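No lab work stands behind these numbers, since they all come straight from the coordinates. Being a predicted model, the structure only gives us computed values, none of them experimental. We place every Cβ from the backbone using ideal geometry, glycine too, and count neighbours over all the protein chains shown.
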Amino acid sequence: MSLIPQEDTFALNLAHLYAFLHTLTDFPSDEILSPLARSIIQSLLSELSQQGLAIPDPFVLCPDLSLSKLTQAYTQLFISAVPKVPAPPYASVYCGDRSLCGRGLVEAKTFYRSAGFYPDCGAELADHLTYELAFLSHLATKGAWDVEQDFLQHHFRPWFEAFRTRFDRVRPYPFYVMTVDLVDFFTTTEARESRQSSTNNRQYNDK
């Protein structure tokens, strides 16, 4: 089965895709290095390559990829580093506040409540990249396309693009280069228009 959303099971496939990106952007666990996750990643990269988007396979670039190395890379990129964290994955940092718990967090929570989404964040902040991807999965499951478009256009993409700029300055561990590339691709206007065009074409052909 294609991992890129298709028209027949559009909402379900897209929800699964966003959920997988949520897993990739969360703190590393054994799950993202499992044979199943590796198979999904490599199949997804292969499909995107056929569409003209070449994203290097981190399992090829780093044959000794391990949980400890991913954890170290994730921590240095997103949690703690000297003299400062290269790319904090929180909306508030890029929404004018340049600090945690600012406007970006308020916006995220407002969107969440409006769609009945209440993530179990624990001690983490709700505007973390991984929870915003979980929210997109939630919206896809409900088929709430208007909310998805509003969220992406007015909240997610503006801060994510600023985050991406900071991230690209360091171009760190290949696994996270791939991860950010995937998130970037599947949340762009072009990707959404391509998915919608595919859906519209199928509906037209079925008439």
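Below, the figures for the structure above:
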{"read-out": "For the range 122-195 and the range 28-64, distance of Cα centres in Å", "value": "18 Å"}
{"read-out": "Debye, to nearest 20: dipole size of the range 21-114, +1 on Lys, Arg Cβ, -1 on Asp, Glu Cβ", "value": "420 debye"}
{"read-out": "Selected from Ser49, Ala134, Ile79, residue furthest toward positive end of dipole (the chain; charges at beta carbon)", "value": "Ile79"}
{"read-out": "Computed label-point distance, nm, for sites Leu12 and Glu31 using a 7 Å Cα→Cβ extension", "value": "2.0 nm"}
{"read-out": "Top positive-direction residue, dipole computed over the chain with Cβ charges, set Ala162, Val180, Phe10", "value": "Ala162"}
{"read-out": "Contour excess over end-to-end distance, with Cα ends at Arg103 and Arg38 and 0.36 nm allotted per residue", "value": "19.8 nm"}
{"read-out": "Nearest-20 debye value, the range 6-70 charge dipole, Cβ charges on Lys, Arg, Asp, Glu", "value": "160 debye"}
{"read-out": "Cβ-placed point charges (K, R +1; D, E -1), dipole of the chain about Cα centre in debye, nearest 20", "value": "420 debye"}
{"read-out": "Potential extension, Ser114-Gln149 segment - 0.36 nm per residue separation minus Cα distance", "value": "11.2 nm"}
{"read-out": "Quotient of Cα Rg and 2.2 N^0.38 Å for the chain, N being how many residues it contains", "value": "1.02"}
{"read-out": "Order of Asp26, Asp120 - criterion: other Cβ atoms within 10 Å of each residue's Cβ, fewest first", "value": "Asp120, Asp26"}
{"read-out": "Within-11-Å neighbourhood charge of Phe111 [Cβ basis; K, R +1; D, E -1]", "value": "-3"}
